[in-house]
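The values are calculated or read from the model by the stated rules, or taken from the named source; none is laboratory data. Note that the coordinates shown come from a computational prediction; the quantities given were computed from them, not determined experimentally. Glycine gets a Cβ as well: all are built from the backbone with ideal geometry, and neighbour counts include every protein chain shown.
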Amino acid sequence: MKTNLLTIIGVSLLISATAALAQGTGGPGPGDENSNGIHQRDQDRLQTSSPDLDQKRTRMGETLPVEIQKALQDMKQARERYQKLLQDQKKAMAAGTEAERAQLREKLRESLKEQYQYREQLRERLQALRDTLPSHDQLMEQTRERTRQRDRRGE
């Protein structure tokens, strides 16, 4: 028992030390001039990464119901359209004049504002939904009351 506990603690320490070393090395620090470029490149890779890599490695995609597979296919197509739109905008921004770039920046700012408003609306709707749902304590009290009434009636 003690041996297993010591082994688990040792492995945990080894993993955390390795993770700390990996985070502390391998790239420029926050004061380096290339850190923003690397950060942007990593962010671009995350946006353009393909989620079907995990699907190909597992059999889960084969065992999903047809509706879910269709929904996944639709999401994949929407993601590809969005990525194509991003690439087109990058090309347009690189090839355009300064006035066109400013106009494109303004459109992007407006779309970000719209997205922010949509998120705020979703938060408000979620809060309203949470307010309408009974709490756990209220549900438990209702259940207790029903049980008491049933016991009184002799059911």
* Asked: Could you say which residue among Leu85, Leu112, Leu122 is assigned to a helix (DSSP H, G or I) and more than 19 Å from the chain's Cα centre (by Cα)?
  -> Leu85
* Can you name the residue in the range 125-148 that is in a helix (DSSP H, G or I) and among the hydroxyl-bearing types (Ser, Thr, Tyr) and, of all such residues, is modelled with the lowest pLDDT? -> Thr132
* Tell me, please, whether a residue that is at positive phi and out of contact with any Pro (no Cβ under 6 Å at 6 or more places or on another chain) can be found in the range 111-124. => no
* Structure fact -> Note on the range 69-97: residues among the hydroxyl-bearing types (Ser, Thr, Tyr) and at pLDDT 85 or above are Tyr82
* Asked: Which residues, taken from the range 134-147, are of a type outside the set (Ser, Thr, Tyr), surrounded by 10 or more Cβ atoms within 10 Å (Cβ to Cβ) and either out of contact with any helix residue (DSSP H, G or I) (no Cβ under 8 Å at 6 or more places or on another chain) or within 28 Å of Gln89 (Cβ to Cβ) (or both)?
  -> Gln138, Leu139, Met140, Glu141, Gln142, Arg144, Glu145, Arg146
